[in-house]
Amino acid sequence: MHYSCKMLIILVATTFANTSNAKDLVNINDFPSWFKESMAREASLTETSKLKIESLVIEGEVLGSYKLGEKGDDFWYYTVDIGSAYPVECYVFTSYDGAATSLNAIVEAALSNTQELNKKSLSSRFTYGLDTGVINSSPYITFDVLYNLGEGNEKVAGVIKSLVSENNGILRMCLHNEIGYRDTFLKTFESFVTTMDQRSNDSFFEATYKLIVNNLPMGYVQEIYAVDVDGDIAIENRTALIAPVDANTVSTNDVVRSAWSSPDGSLINANEYSLQNGNVNFQFSIQYIDDSWQVEGTLQGKEIKKTLEYNEWLLSAYGSYVSLENLKASEDTSTELYMWSPAADPSNAIPVKLSQLPENKNANFEIDMGPIVMQFLADQDNIFRKGTLQQGPMTMQMSLIHAKGKPKLP
């Protein structure tokens, strides 16, 4: 399926360390008792306040005492008293680079500010926690960093907890630079996101998948389908990924794709860009002009303008569901199609083979893109439930964590 293929390519090329089966990557059992006691602290969060952003048509009650600190044309910054020594800081953006990129950037800024406030240099940092989930229909990533400032007897420790979620073109981020209060912080963020999610869209199908690499949740893929005014399928696809490179550093990747498909599953046009560690990796568009597929964009800063040699039917993300249904209804065991994926090769159409697996109890279909093969389980509505890719020492899993509607026209 289209979104799976893109992420397989990205993940195979991503370097990361082997990690444990838990979202916490640092074992604090050997830490001093004061640190373990501090990590266990929580607050009784009962106070609520009103959050109102008129330009976004958002108004509601949120947990915590909110105070607007700053705002601009496309951002709002709040401090939130949750009953701890230091406030939670929350941001709303309507213009942003991507969920993973933005979250990592705000953590880096917080680390820099902490050094200035304490007048101590950063002596060490560790990726403490990493997880992915969904609040209502909004996917989120949590990214916690344990840090030390100073040396010797002057050394101090801290934990920055951070969360990010996006929906309907709005990015929401919160961070808390204080040891402990993890559950309190999450409840604050859940309330914040729930209030921000009052706006609805006209999608007929949405799906969000958790990406798990070597048993560690690293990010998500979200896809949204709606019918436009011409009866075609408008597609939005977002991927956000934070991958540990080692104990101290992470790699971030955001991929955003908007496309249009005919109801039969054929691609009409598409735009896609990728941010790798905060930098634009590629940005491409494709459209059918004068009986040929025209591709324009940049790859690592180099401009590319290409006419594909292949000029026939291309598979859209929506077409993945159509093809799955067509294959099940036929007497064939497999079908071969072509798709366009700039993450793999922006200059060529890529052959894709979709096969049924009648003898496999854990997966009923397989997607084959040459060196990359993924087996997955789809339900009777063709909704992708889970999938697994094994590539050498790496095991990547995709797991459905939210779905709304069905991948069929309403």
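The values are calculated or read from the model by the stated rules, or taken from the named source; none is laboratory data. What you see is a predicted model, and the numbers here were worked out from it, not measured in a lab. Glycine gets a Cβ as well: all are built from the backbone with ideal geometry, and neighbour counts include every protein chain shown. In case anyone asks, the SASA skips ligands and DNA or RNA and just uses the protein heavy atoms, side chains included. Shrake-Rupley method; radii C 1.70, N 1.55, O 1.52, S 1.80 Å.
Within region 227-243, the set of residues being within 21 Å of residue 320 (Cβ to Cβ), aliphatic (A, V, I, L, M) and surrounded by fewer than 21 Cβ atoms within 10 Å (Cβ to Cβ) comprises 227, 234.
Of the residues making up region 299-335, those that are under 25 Å from the mean Cα position of the chain (by Cα) and either in a strand (DSSP E or B) or exposed (fewer than 13 other Cβ atoms within 10 Å of the Cβ) (or both) are 299, 300, 301, 315. Scan region 249-269 residue by residue and report those that are part of a strand (DSSP E or B) and small (Gly, Ala, Ser). 251, 258, 259, 261, 266, listed by residue number.
Within region 264-298, the set of residues being more than 21 Å from the chain's Cα centre (by Cα) and open to solvent by 60 Å² or more (accessible area, probe 1.4 Å) comprises 264, 287, 288, 289, 290, 291, 296. On the basis of being crowded, with 17+ Cβ neighbours inside 10 Å, under 23 Å from residue 61 (Cα atoms) and within 18 Å of the chain's Cα centre (by Cα), does residue 136 make the cut? So residue 136 does not fit the description; no. Would region 393-400 turn up any residue that is β-branched (Val, Ile, Thr) and either in a loop (DSSP other than H, G, I, E, B) or exposed (fewer than 13 other Cβ atoms within 10 Å of the Cβ) (or both)? Looking through region 393-400, none of the residues is β-branched (Val, Ile, Thr) and either in a loop (DSSP other than H, G, I, E, B) or exposed (fewer than 13 other Cβ atoms within 10 Å of the Cβ) (or both).
Within region 311-340, residues that are under 25 Å from residue 287 (Cα atoms) reach partners that are surrounded by fewer than 21 Cβ atoms within 10 Å (Cβ to Cβ) and of a type in the set (Val, Ile, Thr) with beta carbons closer than 6 Å, at six or more positions or on different chains, in the pairs 339/350. Could we say that residue 210 is closer than 29 Å to residue 147 by Cβ, open to solvent by 20 Å² or more (accessible area, probe 1.4 Å) and part of a strand (DSSP E or B) here? Here the answer is yes, as residue 210 does meet what is asked.
Only one of the numbered conditions (1) farther than 30 Å from residue 106 by Cβ; (2) not in a strand (DSSP E or B) is violated by residue 246, and that is (1). If the condition is being assigned to a strand (DSSP E or B) and open to solvent by 50 Å² or more (accessible area, probe 1.4 Å), then region 344-376 contributes 351, 353, 356, 373, 375.
Checking region 25-37 against the condition returns no match, with no residue being at pLDDT below 95, of a type in the set (Asp, Glu) and either in a strand (DSSP E or B) or at positive phi (or both). Filtered by the rule that a residue be part of a strand (DSSP E or B) and either touching a Lys or Arg at 6+ places or on another chain (Cβ under 9 Å) or β-branched (Val, Ile, Thr) (or both), region 152-171 gives 156, 159, 160, 161, 163, 164, 165, 166, 167, 170.
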